[in-house]
1. Given H placed on each backbone N at 1.01 Å, which residues far from Leu371 in sequence or on other chains put an amide H within less than 5 Å of it?
2. I'd like the orientation of helix 542-565 relative to the chain: the angle between its Cα long axis and the longest Cα principal axis, in ° from 0 to 90, rounded to 10.
3. Are there GluC sites (Glu not before Pro) in the range 378-468 that DSSP marks as loop and that have at most 11 other Cβ atoms within 10 Å, and which are they?
4. In degrees from 0 to 90, rounded to the nearest 10, what is the angle of the helix 202-216 Cα long axis to the longest principal axis of the chain?
5. Whenever you get a sec, compute what percent of the accessible area on the range 381-479 sits on carbon and sulfur atoms (1.4 Å probe).
6. What does a probe at Arg273 reach in the range 285-299, counting residues whose amide N is under 18 Å from the point 7 Å along Cα→Cβ?
7. Work out the length of the dipole vector of the chain about its Cα centre, built from +1 on the beta-carbon of each Lys and Arg and -1 on the beta-carbon of each Asp and Glu, and round it to the nearest 20 debye.
8. Taking 8 Å as the Cα distance limit and 6 or more residues as the minimum spacing, I'd like the relative contact order of the range 55-190 as a percentage.
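The values are calculated or read from the model by the stated rules, or taken from the named source; none is laboratory data. Note that the structure is a prediction, hence the values are computed from the model and not measured. As a convention, Cβ positions derive from the backbone with ideal geometry for all residues, glycine included, and neighbour counts pool all protein chains shown. Surface areas here come from the heavy atoms of the whole protein model, side chains and all, with no ligands, DNA or RNA. Shrake-Rupley method; radii C 1.70, N 1.55, O 1.52, S 1.80 Å.
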Amino acid sequence: MKIKSILKKKIKKMFFKNNYNKKIKIIIQKNKNIKNGHYQLNNLFNISKIYKTTPKKLAKKILKKNKFDIIKKMEFSKPCFINIFLNKKWIEKSLEKILKNKKFISPIKKKTVVIDYSSPNMAKSMHVGHLRSTIIGDSVSRIMEYIGNKVIRANHIGDWGNQFGMLIAYIKKKNLKISKKISISKIEEIYCQAKKLYDKNKKFLKKTNKYTKKLQKKEKFCYKIWKKIVKLNIKENEKIYKLLNIKLTKKDIFGESFYKKMLKKIVQDLLKRKIATIKNGNIIVFLKNFKNRKGKKMGVILKKKDGSFLYSIIDIACIKYRYEQLKAEIILYYVDSRQKQHLLQIYEISKIAGYIPNNIKVKHHIFGMMLSENNQPFQTRSGNTIKLIELIKKSIKKSKKILKEKNKLISKKKLISLSKIIGIGAIKYADLSKNRKTNYIFNWNQMLSFEGNTSLYIQYTYTRILSILRKYKKNLLNIKNSFKISNNYETILSISILQFEEIIIKSSKKGKPHLLCSYIYQLASKYSNFYEKYNILKEKNKKIRDSRLKISFLVSKILKKGLNLLGIKVSKSI
Ligand code: ARG
């Protein structure tokens with residue numbers, strides 16, 4: 001239910017009848033203190049200026065005009081607000097509608113959205129640094145799909161750049177054998193040694209560039225090794241995605257190498273149209289909106305003197321493909337904030353070249369870092385990156401301990417499945433519940449707690465509701481009695497149920513799953529408050545009991561759906 005927009009429409013009518021001036025916005029907000037009304041009109045002051053009167057006088061005139069079934073009453077509140085109380089009957093009717101239609105969301109204008117996320121480098125295994133992009137991108141994909149968009153997941157794996165030149169040059173130099181059975185950690189070890197050499201040895205750096213170019217020319221030896229390593233890594237990452245309940249599969253891989261055939265033509269086109277120039281043998285685009293350190297136009301290199309193509313030209317081909325072939329109307333990048341400038345430049349060049357029109361929404365959704373408790377980057381003690389798989393295993397292990405403490409009689413089978421659900425849910429929720437724009441501190445105790453804004457608290461509340469519903473024994477959908485709100489706790493809870501749609505739309509628009517997290521957390525807390533205060537199954541008044549059961553049912557549905565949109569699983573019991 002889009003309560004805010006319904007209220008906006010009604011209030012517009014009250015103020016302006018049909019000659020509404022588009023420039024004036026009606027601003028409605030949820031009220032924090034429900035005693036003052038469920039919602040409030042925030043910009044009465046601006047509206048009263050149009051009428052050339054005071055907010056109080058205007059309110060007095062307007063309040064009499066309420067004849068809408070959604071609003072029970074409105075009150076002027078100092079200095080210049082109007083408090084709005086929703087009508088119980090309207091709330092009950094709306095709940096009924098949702099239950100009957102089994103739908104929380106009304107149709108939207110469908111858009112094609114490409115979401116670039118996860119996108120790990122293929123020369124090494126996934127580490128904790130990949131977590132944020134992977135899970136935030138995955139959740140936003142689910143949310144956007146749920147509201148009715150066509151979502152194309154794009155895993156822009158790093159498989160065509162210098163990192164492979166480095167690997168291959170090192171393999172060649174040390175004459176290493178890369179068998180089919182080689183492990184991913186061995187590859188990573190080789191990569192680390194290669195990188196060390198690359199950073200200190202100019203000769204090796206040159207060799208690396210040579211091999212990058214050879215690979216990009218598909219020279220047999222290089223191409224064979226490359227294929228083996230990429231295949232191995234994709235398989236390894238598939239396991240992690242599955243474990244983490246990430247929807248990415250092989251068909252979502254549109255890696256750097258996917259665009260290889262487009263590169264030459266695009267460079268030629270940019271040169272021909274004088275958008276790119278050749279300087280010292282490199283092919284560069286100079287952008288007037290970006291300045292270098294000397295205050296001059298910044299140059300973005302597309303192709304190097306040695307003939308190798310760079311990350312930038314691959315991304316230009318990629319954005320062109322997403323618009324022309326995938327027909328994207330919105331393109332979202334869940335990529336490390338350090339790539340902000342790079343992505344802005346790609347967008348700028350693509351617009352100048354006309355590869356992508358102005359009305360296509362391209363957004364880089366940045367995210368902060370995961371920090372350890374001493375506010376330092378989240379790493380091993382020796383300063384190395386932590387592998388993602390290690391982090392996941394640790395969380396599952398910790399969850400096992402917690403579950404055993406809680407229930408000594410838990411079966412082995414249940415322990416295994418539940419510890420996975422809880423351990424993985426905890427890592428994901430801890431991350432998703434923070435505003436992505438900021439850094440956050442990773443804290444095991446906090447995220448594996450039954451209290452507070454954690455997945456465990458929500459999963460637990462969910463199972464509590466299920467157990468009540470189970471005890472009822474009959475099919476809830478057969479209940480004939482309609483909703484009957486009998487106290488304030490139920491009113492608050494019911495309004496919260498109706499707000500689900502609004503939150504989903506907002507999370508989708510901003511690409512911010514933490515809004516959904518705080519909503520389901522609040523919904524679960526409101527349910528707990530209500531549950532502690534009132535009986536459900538033992539309630540003598542059948543009408544009230546039935547209504548409470550139906551409310552419980554809707555809350556359970558939203559909690560499950562909400563967690564599902566975050567990519568978090570639930571169990572029927574904990
Ligand atoms: N592979 C890159 C990395 O590991 C991220 C790619 C992001 N997507 C893109 N279209 N550039 O940093």
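1. Tyr440, Ile441, Phe442
2. The angle comes out at about 10 degrees.
3. Answer by residue number: Glu451.
4. 70 degrees
5. So the carbon and sulfur contribution to the accessible surface is 52 percent.
6. 285-289, by backbone N distance to the label point.
7. In total the dipole reaches around 920 debye.
8. 21 percent.
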